[in-house]
1. What are the extents of the Cα atoms of the range A:246-322 along their three principal axes, listed from largest to smallest and rounded to whole Å?
2. When B:Phe422, B:Phe377 are ordered from fewest to most other Cβ atoms inside 10 Å of their Cβ, what list results?
3. So which GluC sites (Glu not before Pro) in the range A:21-97 pass both tests, a DSSP loop state and at most 12 other Cβ atoms within 10 Å of the Cβ?
4. Where Lys and Arg each count +1 and Asp and Glu each count -1, what net charge lies around A:Gln68 among other residues with Cβ under 12 Å from its Cβ?
5. What span do the alpha-carbon atoms of chain B cover on each of the three principal axes, reported in whole Å from largest to smallest?
6. Which percent of Cα-Cα pairs in the range B:25-144 sits in each 5 Å bin, short to long?
7. Take the residue pairs B:Lys122/B:Lys257; A:Lys344/A:Lys399; A:Lys405/A:Lys429; B:Lys360/B:Lys445; A:Lys251/A:Lys327 and return only those whose Cα atoms are more than 23 Å apart.
8. With an 8 Å cut-off on Cα pairs and a minimum separation of 6 or more residues, tell me the relative contact order of chain A in percent.
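The numbers here are math on the coordinates, done by the rules we state, and not lab data. Worth saying up front: this structure is predicted, and the values here are computed from it rather than measured. Please note: Cβ atoms are built from the backbone with ideal geometry, for glycine as well, and neighbour counts cover all protein chains shown.
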Amino acid sequence: MSDYIEGIMDTECEVIDPVEVKEEMIVRYPTKVARKRAKQIVLNRIGEEGEVPPIQANVRTIPGIITQRGCCYAGCKGVVLGPTRDIVNITHGPIGCGFYSWLTRRNQTDADASPDGHNFMPYCFSTDMQEGEIIFGGEKKLKQAIQEAYDIFKPKAIAVFSTCPVGLIGDDVHSTAREMKKKLGINVFGFSCEGYKGVSQSAGHHIANNGIFTHVVGTDDTVGAGEYRMNLLGEYNIGGDAFEIERIFEKCGMTLVSTFSGNSSIDGFANSHTADLNLIMCHRSINYVAEMMEKKFGIPWLKINFIGAEATAKSLRKIAAYYGDQKLMDRVEAVIEEEMLPVKAAQREVRPRTAGKRAMLFVGGSRAHHYQELFSEMGMETVSAGYEFGHRDDYEGRKVLPSIKIDADSRNIEELEIHPDPERYRPRKRPEEIEKLKAAGLGVADYEGMMPEMKEGVMIIDDISQYETDKLIEIYKPDIFCAGIKEKYAVQKHGIPLKQLHSYDYGGPYAGFAGAVNFYKEIDRMVNSKIWGYIRAPWKEHPELSGSYAFES
Amino acid sequence: MLLRHTTAAVAERSALTVNPAKTCQPIGAMYAALGLNGCLPHSHGSQGCCAYHRSTLTRHYKEPVMAGTSSFTEGASVFGGQANLVQAINNMFTIYEPEVIAVHTTCLSETIGDDLPQIISKARDDGKIPARKFVIHANTPSYVGTHVTGYANMAKAMVDYFAEKNGVRSRAVNIVPGFVEPSDMAEIRRIAGEMGITPILFPDTSNVLNGPLTGKFAMYPEGGVTVSELTRSGSSKATVALGRLAAGPAARAMDVKCKVPCHILDLPVGLKKTDEFVDVLRQLAGVQVPDSLEVERGQLLDVISDMHQYLHGVKVGIVGDPDQLIALTDFLVSVDMIPVHIVTGTPGKKFEKRIREIVKDVPHRVNVSAGGDMFLFHQWVKNEPVDLMIGNTYLKYIARDEDIPLLRYGFPILDRVGHSYFPTVGYRGGIRLLEKILDALLDRKDRDSPESGFELVM
Ligand code: SF4
Ligand code: SF4
């Protein structure tokens, strides 16, 4: 009897029709909302040439829909600039914006890695604007705040971040920064990253990229020691990921000139233009810097991914192939062989319990893609995924870039015009070499996106709403859901574990080889936890009022 | 060292806030709105504020915190947010079906000057607000006030929008708790119940932000004051506000609007402040204080007397919100502890005056700052070390650097559980506070005492 029931449930699970699910998700919406969401919810199809259907992304969030997204300021100050330990980051605005972005992203740093030992990351600096400044302008207070920060902390750089009201009242943070830079003799630069710019954190990434490129990159021409000198872009050292990647680099004999921006120092950014190669981890948040460095300094870039042991191995091989140097290739192979032993052992250990389980990932602008690698290494399947603030190229691959229509919200974000630096432009490879690498399938300056690597028929949902999240959970009952803190407890109330992929639930690292092992163990713990089995109290199973007791019989 | 750039030399600052001891109004408004049954809070501004407020509340409560945002883009910031808000209201009622939408403003919509009552009436005229459903609002620009006043403003909005005077005085008593935990709200209700009073308690986040795991996610949990209770609150015979800053404005508004007399008290933290609360309830209900509460009071007193030797003369530094600090300082002084440094980020002249009054007989110099920050507090601690610190989670950086025990109390607590389940108000709450204080102090004593002086019995 019970076998029979299980049989039905299994088939029921299999016959979930994504077309119907999509229909059910949007039928409740007002007509205009439904029409818009229909373009952001796509069933994956892989064409013969590997082409995927278009998805609408990087468009305005519908007011009142309950979104995961944050703002431009969060992307600029919180994500890209926040993890650099030796810049004093002053939030120019009322107190809240600065308060909420104070230490909450878990970027780790090794403060003693810089000779001066500067580390301002545990501090929150704000101009705490009051009504007077909103009415009469806040530049005077900002100037004074920069002065006080300099007097007390003596940093080598101060950055200023504008919050929503700043743009409206017309404070010019850039001229204030220039004036103070001249006065103090240290680098002072501002960001117009008001929260209303763009449609999500993504606009803030772009603004941050522009600022760091304009004010910092290329200001120090010292060429450091080391072979195979690379920058790692879009790795923010959440939970110590960058530490693990640094360990692997060192073991492979590769040199990290700078990381944008995990465990990072402004000094690294300043001479990052002396590197041979840029590696992009999070394509969404940092590809602008890579492109600008290519144009200005002639540094090529590769998309890599250190999330997943196989992906890490693949990325290391890609780097070695780029250099085309046998010594490096041999060393990389030796490292992979050694590092994969404990990884394989851990996989063997968890797979009997994790294989066949189903995951959903709705997060960020690259993690919803990268983390699928780790799940598949555990034999788990990704049944639905989407980004919080990705663009079409993050979904469909960079080949769609020419066909992306620039709308009003994106047009407002400045696109810097970059020309080769008259002295420092030095193509690291000749065009024919690059072509050769491309022909060999190396994907220089390319990113294929998330969708081509996903199965047919899975649902891809951009900027998922709370309502859609609930529907997905009710219908698919996945074994694990990956999102952020705002989603975590609503999902867990359903009795389904949620793994935070922004903060890692205060665990990690999950990057590289050691990180993969951590992740396997963590997911095994979550999807096989007995906690969810306690939800039904015993008396719900046996509601009858009288029972027989052992002593009676 | 975590805060390696903090030195003892206190430099005058007039423009730079470092490590704030406050946050912005809307988060308080959002928290208060969650204490209204069937309510979906809504943040009228760009979506970042809403994301930040939801995240912070979620980290503190480890519970779902649902709220909408008007998602302003550059266009809305230039032309005003009316279209966004009307659309948001329509979407939320259609998709999420709340009873009430409680809108608060942000710095952005306030700077633009959006007129919320006008926009709400436009939404009504356009038929976007279903029958018997409500949209209320509070103005919460963060360049004025702090999270505490945001809470106060949303509590007051509940009065402004719902309280009605129907001519007949009921026997009910309104209680407005300050910005306290759901557990505290439940305890306040229980104490009133012990006195034979069934209060109309608003906001009431108990059973909202400390809900059970049931296998089902409820967008609108069981708890919260209902609209019909709020409507009736205008006919209650009295209002008791607990916490002058966070609860006072709602109680006064009720007095002005519906002529319900108000009693504005401090938070019932510790022996004396709970006595004041119980005494007012007793008079309002016209009853004797029941034995059950007398016993609880006696138990608290018993713990104080049993452990007084470990409390006496202990130097404490506290950071928090004004209502909490006033009551807590009173409690510490009443058990002969010495509050040495007291900092709130919420400005206010009255605060300092009241603290000075409470500590006037303390045999020690007391530093007080209203509108200070944790950087200043840390510098004070470096200049005059303390035996114990009490405050939110951000204090743990100072606690570790200076090797001082920390009791987590206030908002936000991001790294421990318990606050949403176990109250610190009332006599029982007083016992819990003492338990936590003593645990912190005696654990430290056990760690630091020489082997020869290691004590079994304490
Ligand atoms: S803009 Fe204002 S409301 Fe929004 S987070 Fe910042 S301080 Fe708070
Ligand atoms: S005010 Fe603007 S910058 Fe600040 S959190 Fe809100 S949306 Fe972001």
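1. That gives 32, 22, 21 Å along the principal axes, largest extent first.
2. Numbers: B:Phe422 17, B:Phe377 26.
The order, fewest Cβ neighbours first, is B:Phe422, B:Phe377.
3. Numbers: sites: A:Glu23, A:Glu24, A:Glu48, A:Glu49, A:Glu51; in loops: A:Glu48, A:Glu49, A:Glu51.
Taking the range A:21-97 and a limit of 12 other Cβ atoms within 10 Å, the loop GluC sites (Glu not before Pro) found are A:Glu48, A:Glu49.
4. On the way: positive: A:Arg69, A:Lys486, A:Lys488, B:Arg54; negative: A:Glu388, A:Asp462, A:Asp463, A:Glu468, A:Glu487.
Cβ neighbours under 12 Å give a net charge of -1.
5. 78, 56, 46
6. The percentages, shortest bin first, are 2, 12, 24, 25, 21, 11, 4, 1.
7. Numbers: B:Lys122/B:Lys257 25 Å; A:Lys344/A:Lys399 35 Å; A:Lys405/A:Lys429 32 Å; B:Lys360/B:Lys445 29 Å; A:Lys251/A:Lys327 13 Å.
Correct reply: B:Lys122/B:Lys257; A:Lys344/A:Lys399; A:Lys405/A:Lys429; B:Lys360/B:Lys445.
8. Numbers: 1025 pairs, mean separation 102.1, N = 553.
That works out to 18 percent.
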